[in-house]
Each structure stands twice: as structure tokens, then as C-alpha cells.
Amino acid sequence: MIIAIGIIMVLITVYFLLKRYDARLVLLASGIIMACLAGTPMAPLDAFAKEMTNSGLIQAVCSVMGFAMVMKYTECDKHLINFMANGLSKVRPLLIPGVVLATYAVNVALPSAAGTAAAAGAIFVPLMMSAGVHPAMAGAAVKCGTYGSMLNPGLAHNPFVAKIAGVDVMEVIGFHFKANIASLITATILITLIAYYRNEHKGYKAEGFEVEESFKVKLLYALMPIFPIVILILGATAIVPAFKMDVPQAMIIGSLVALLITRKNPVKLSNSFFDGMGKAYGEIIGIIIAAGVFVSGLTAMGLVKAFTDSMLNNPAIVKICAAVGPFILGLVVGSGDAATFAFNQAVTPHAADFGMSVVQMGSMATLGGTLGRTMSPIAGATIIIAGIAGVNPMEIAKRNGLPMVGAMIVGMLFLLA
């Protein structure tokens, strides 16, 4: 009975999110009600307190939004937009697929979906909006590329599967490399077709992102918005080891360099940075906190455990479960890690019993969970990008639905071949 009530609560939550009610209120209310029905009323409050101090997300999101406000104050964002305008007009058909592929490449180097969403989203979303792309589609294009981390040896799932299989981590990546690229190409094509079908690839008038015909571009100013991400990529790829650093450090360095280049009022620039940080916590981190409360409600109702157990206790459909199970759970809870680790720990060591290799089964679970999270409206990366684009996270999730399902089907066909 409690499971059935939980499912009803999830459907009600999705309904209100689709109706564009405030996401924070809907997720908070749903999580608290589910936990109370399950007899653990303190669980959502504990989750609320825990998410308030999620250092990784807070550091990345707040620092990036602070930097974005600095770019707005110094007008460096306007210089970049106007600088890119002429080039974009010549390659407009390649704009959306180009952003997906560029974001994917960034995520390979920076194996954090949230960090990539913050760093790449702050550049690509305004740029696409200035080119006339609808905000939700601009956000969806960036979100579509936030699973490049699967090709990074530092992604926790890769060494986990490698340890079970007794092989080198690069052997695991080498096995699922083609499936990842095939899924990426599929997702890129589908998100582009959806943009054209919805007529969201051009024609949108973004207030504050207009191209000015008489605007005189200063190249150094135009380079400032991308300066931090260049530092991050050069450091992460060890091209310049001295640049190895996290997102907040890069954003502060970028702000300081912008101050030196533009020679703006340092007090106003500092105020802009901290105003951006505060806005990020209230509008973006706030939804992430609410999403954590919602997941605690799901857990309290036993939905997460029931779903995982049903997946693990059906050996007859284990091949389907290896892909679809982590995908669905990643979609529902905003993170594929729980289901992926559970599956890889409980079932993947026995892959041979099902006619599969450990690396093959582990890769299927990892790709499924990652793609499900990429589609989820309550994933941290989705919420971050939605905040940058100024849209409801559900709007991004709706546009990413078909691309992610298509990517999963194609990716699994490659892994099963």
C-alpha cells in the first residue's frame, strides 16, 4: 500500500511541475508529505540541512553565477555575443549540435555534470539565446552533452567496474567508447531535429542579449567569459599542470583578470560577484535542496529500494534491467549513481552466468544511469542550466526526453553487439 501511495505522489508531483508551479515548493511539499506518510517526518528536514551545505555544488554554482554577474557588469558578455554574431549567422545550422559536442568535450575533461553545466552553461546558453535560440532549447542542448564524463578514468563507475573485472580502467573505457560516441551522435541529431520541429532554433528575442549593429567589439573583453573554462580544461587535461584547479578558483581568477582588462570599479565588480552568488543560492541551489528533500521522501516511502530490488531479483530480464533499470531510477531521483552502484555490486560480478562479460554488463548499467540522470528534471545539472536560462527544469527535461531515450537504445545496441 505504501508503495502505491508513493507512486501516486510521484505522479502528482510531476503533474504540478508540468503545470509550472514553483519547483521548490512542489518538491519540498511532496518530499515532506511522503516522509510523513512513511512515519519519518524528520528525514526531509535532515535532507534539507544536508543539501544546504553540499560544498561541491555550492562552490561551483555560486562562483560561476558570481562570475556571470561580473561579466554582465563589465559588459564582457556583450562583447562576446557581438563578436560571435557574425560567425554564428554563417554556421547557424551547426550551432545546436556544436554546443552539444562542445559541452560533451568539456565534461570529458571536467568529470562533473554540475560543474560542466555551470561553467559551460554560463557561456553557451546566453550565446545561443543571443543567436535567437529559445532559452529552454539552449539549456537542453547544453544538458544533452553533460555525460562526457563516462570517457574520463576519474568517473567513479569506471574504476569500480574495472576492479570487479580485474582489468585496467582504460580497458573499460575502451570497451564502451564506441557506444558512448554512437549515443552522443544520436542525441545530437535528435535534439537538433526537435529544435527545428518546434521552430526553436531561431527567432527568439532574448532581452539583454541583443546584437547591436554599431557596437565596437574589443577582442580582449570578448575573451573574458571563456577565460575560466580554458584554464579548467588546460589544467584538467594536464596540458598546463599549473592550471589544475577547481571551478571556484578559476572563476575568481577570471574575475580578477577581467578587472585588470576592463579597469572597472573594483567595489562594484566585487558587489556584482557576491550578488550573483547570493542569487545562485536562492534560485538554483534552492531547487537542488528541494530536490534532495523529494528524494528523501522517495527513499522513506521505500520506492527507491523497491525499484532496485525488483531490478536485481529478475534474472530473466537482467540484460534489460542492466540498461533500463538504472536509466529509470536516474530519471526519477536525478542521480543514476545509487542504482548503478547497486547493480554493479550485486549482479555484474555474475555477468558470465547471463552470457555477458563483467565489463559489458557494468558498462550498460553505467551508461543507463548516466543517460537517465541527464534526462532528469531534478538532476543538479538540469536545475543549474534551467537557472541560467531562466526556465522551468521540466522544460529542459521534456526536450531532452527523446534524445536520451534514443541515445540509450543506440548505446545499448552497441554494447550488446
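The values are calculated or read from the model by the stated rules, or taken from the named source; none is laboratory data. Every value quoted in this text rests on a predicted model; they were computed, and no experiment measured them. Here the Cβ positions follow ideal geometry from the backbone for every residue, glycine too, while neighbour counts run over all protein chains shown. The protein model used for the area step is the full one, side chains on, heavy atoms only, and it has no ligands, DNA or RNA in it. Shrake-Rupley method; radii C 1.70, N 1.55, O 1.52, S 1.80 Å.
Please go through the range 387-402 and pick out each residue that is among the hydrophobic types (A, V, I, L, M, F, W, C), over 14 Å from Thr146 (Cα atoms) and part of a helix (DSSP H, G or I). Within the range 387-402, Ile388, Ala389, Met394, Leu402 qualify.
Candidates in the range 1-17 are the residues that are of a type outside the set (A, V, I, L, M) and free of Cβ contacts under 8 Å to residues at least 40 places away in the same chain; of these, the one that is farthest from Asp46 (Cα to Cα) is Tyr15. Counting the residues of the range 361-392 that are under 14 Å from Val332 (Cβ atoms) and of a type outside the set (A, V, I, L, M, F, W, C) gives 8.
Here is a check on your reading of the model: is Ile284 closer than 24 Å to Met42 by Cβ and touching a residue at least 40 places away in the same chain (Cβ under 8 Å)? No; evaluated as a whole, the condition is false for this residue.
When you go through (1) free of Cβ contacts under 8 Å to residues at least 24 places away in the same chain; (2) within 21 Å of the chain's Cα centre (by Cα) one by one for Gly276, which number turns out not to apply? For Gly276, the failing item is (1).
Close Cβ contacts (under 7 Å, 6 or more residues apart or on different chains) running from residues in the range 178-197 that are surrounded by fewer than 22 Cβ atoms within 10 Å (Cβ to Cβ) to residues that are among the aromatic types (Phe, Trp, Tyr) comprise Lys178/Phe414; Ala182/Phe414. Of the helices (runs of 4 or more DSSP H) that lie entirely inside the range 18-125, those containing 3 or more residues that are open to solvent by 60 Å² or more (accessible area, probe 1.4 Å) and without any contact (Cβ under 8 Å) to a residue 60 or more places away in the chain span 76-90. Residues in the range 332-358 that are surrounded by 24 or more Cβ atoms within 10 Å (Cβ to Cβ) and either touching a residue at least 60 places away in the same chain (Cβ under 8 Å) or assigned to a helix (DSSP H, G or I) (or both): Val333, Ala339, Thr340, Phe343, Asn344, Thr348. Here Gly330, Gly387, Gly368, Gly362 are screened, and the one residue that is of a type outside the set (A, V, I, L, M) and in contact with a Leu (Cβ under 8 Å, 6 or more places away or on another chain) is Gly330.
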